[in-house]
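So the structure is just underneath, and the comments pick up after that.
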Amino acid sequence: MAAFSFNKLVIFGVGLIGGSLARALRERAGLAERIVGVGRSAASVERALELGVIDEAAALDDDAALAGALRDADIVLLAAPVAQTGPLLARIALFLNARTVVTDAGSTKTDVVAAAQRALGERASQFVPGHPIAGRESSGVEAALPELYVDRNVVLCPLPENAADDVERVAAMWRATGACVRQMSEAQHDRVFASVSHLPHVLSFALVDQILDSADAELKFSFAAGGFRDFTRIAASSPEMWRDICLANRAALLAELDDYTAVLARFRAAIDASDGAALEAAFARSRIARKEWQETRQERGAIKPSGDIAAK
């Protein structure tokens with residue numbers, strides 16, 4: 001495995017994900033090279049500059065600042081909501097050095113690949129799609145942690161036109177943070193994460209919404225305890241981000257929702273029929289699978305708090 005080094009890293013969106021990468025490379029990997037943060041405005045990345053997470057700040061709408069930020073950059077990370085990937089790539093295309101490798105941190109990949117091909121054309125070979133499977137309920141650069149990626153998976157979905165060295169460079173960057181790097185196709189990625197990440201978030205938001213719509217919502221919330229807390233923890237995640245993810249991965253997520261609805265219908269029928277044996281058998285099967293999954297995770301040292309419990 002190649003060691004990672006860089007001269008200049010540019011991060012678009014210095015929040016939890018981008019900020020944690022910057023902190024990990026600086027504080028864990030001991031790399032003191034230049035890190036530039038780009039935000040929608042200069043003010044939006046000013047806090048990251050104050051905290052020492054980045055060395056320089058630039059505004060996305062400032063041509064001169066953006067050109068300077070991207071000049072001689074080794075790697076660019078797009079750490080913004082997936083719906084912004086296409087516009088961001090189109091914005092930076094004119095300023096992109098031919099040797100710069102671009103990657104992203106989006107939770108969907110099929111749409112991101114299509115966006116890269118539209119925005120970059122033949123230069124899409126410079127774009128290596130990625131997805132760090134890590135998060136917290138908190139957002140923003142203040143929530144960034146240097147150890148966020150330790151023992152976490154990062155999925156890369158290389159394009160056929162990507163140079164092998166570019167893919168390895170992005171992989172080496174994530175390994176430097178303590179992450180484990182895996183590869184799969186963008187279609188397989190979106191099917192997997194629709195099931196273990198996107199669906200759980202939708203269900204968590206849905207339960208809170210259901211209670212909010214009830215006549216005695218305040219009373220119900222007053223009695224909510226550990227089970228409600230654990231099930232709905234990820235409903236504290238960014239509404240903007242999860243809106244974009246649901247729409248970007250629409251087909252795979254709808255398929256998972258249909259399958260989940262079928263399971264709920266089966267459980268409902270068992271409850272309606274007072275079929276305790278069917279319920280117990282289904283619950284026992286799920287309990288065993290959950291226990292085995294947790295034990296495997298603990299053996300790998302991968303259990304830790306996260307903003308996306310089902311995908312980690």
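Structure data summary
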| quantity | calculated |
| --- | --- |
| Test result for ALA64, of a type in the set (Gly, Ala, Ser), more than 23 Å from ILE245 (Cα to Cα) and surrounded by fewer than 14 Cβ atoms within 10 Å (Cβ to Cβ) | yes |
| Boolean, ALA69 is within 22 Å of VAL155 (Cβ to Cβ), touching a residue at least 40 places away in the same chain (Cβ under 8 Å) and in the same structural domain as CYS157 (by TED's automatic domain parsing) | no |
| The stretch 87-144, residues that are among the polar types (S, T, N, Q) and touching a residue at least 24 places away in the same chain (Cβ under 8 Å) | ASN97, THR100, THR103, SER107, THR108, THR110, SER125, GLN126, SER138, SER139 |
| Unmet requirement for SER125, which otherwise passes all of (1) modelled with pLDDT under 95; (2) within 22 Å of VAL167 (Cα to Cα); (3) hydroxyl-bearing (Ser, Thr, Tyr) | (1) |
| Verdict on SER204 being under 15 Å from the mean Cα position of the chain (by Cα) and either surrounded by 15 or more Cβ atoms within 10 Å (Cβ to Cβ) or outside the structural domain of ALA289 (by TED's automatic domain parsing) (or both) | no |
| Verdict on ALA57 being in the same structural domain as ALA179 (by TED's automatic domain parsing), assigned to a helix (DSSP H, G or I) and among the small types (Gly, Ala, Ser) | no |
| Residue count, the stretch 84-123 (criterion: within 22 Å of SER195 (Cα to Cα) and buried (at least 19 other Cβ atoms within 10 Å of the Cβ)) | 10 |
| Selection count, the stretch 131-145, where residues are of a type outside the set (A, V, I, L, M, F, W, C) and surrounded by fewer than 20 Cβ atoms within 10 Å (Cβ to Cβ) | 6 |
| VAL170 being in the same structural domain as GLY106 (by TED's automatic domain parsing), buried (at least 17 other Cβ atoms within 10 Å of the Cβ) and closer than 30 Å to VAL263 by Cα | no |
| GLY37 of a type in the set (Gly, Ala, Ser), touching a residue at least 24 places away in the same chain (Cβ under 8 Å) and part of a strand (DSSP E or B) | yes |
| In the stretch 1-22, the residues that are closer than 29 Å to ALA164 by Cβ and in a helix (DSSP H, G or I) | ILE17, GLY18, SER20, LEU21, ALA22 |
| Out of SER125, SER107, SER138, sole residue that is in a helix (DSSP H, G or I) and hydroxyl-bearing (Ser, Thr, Tyr) | SER125 |
| Only one of VAL181, VAL154 that is modelled with pLDDT of 95 or more and out of contact with any His (no Cβ under 9 Å at 6 or more places or on another chain) | VAL181 |
| Only listed residue being modelled with pLDDT of 95 or more, among the small types (Gly, Ala, Ser), touching a Ser or Thr at 6+ places or on another chain (Cβ under 9 Å) and assigned to a helix (DSSP H, G or I), chosen from ALA90, ALA116, ALA73, ALA67 | ALA116 |
| Selected residue (criterion: modelled with the lowest pLDDT) from residues of the stretch 23-34 that are part of a loop (DSSP other than H, G, I, E, B) and over 18 Å from PRO132 (Cβ atoms) | ALA32 |
| Test: GLY178 is outside any loop (DSSP other than H, G, I, E, B), on the phi > 0 side of the Ramachandran plot and out of contact with any Cys (no Cβ under 8 Å at 6 or more places or on another chain) | no |
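The values are calculated or read from the model by the stated rules, or taken from the named source; none is laboratory data. Quantities reported herein were computed from a predicted structural model and do not represent experimental measurements. Quick reminder, even Gly has a Cβ in these numbers, built from the backbone with ideal geometry, and neighbours come from all protein chains shown.
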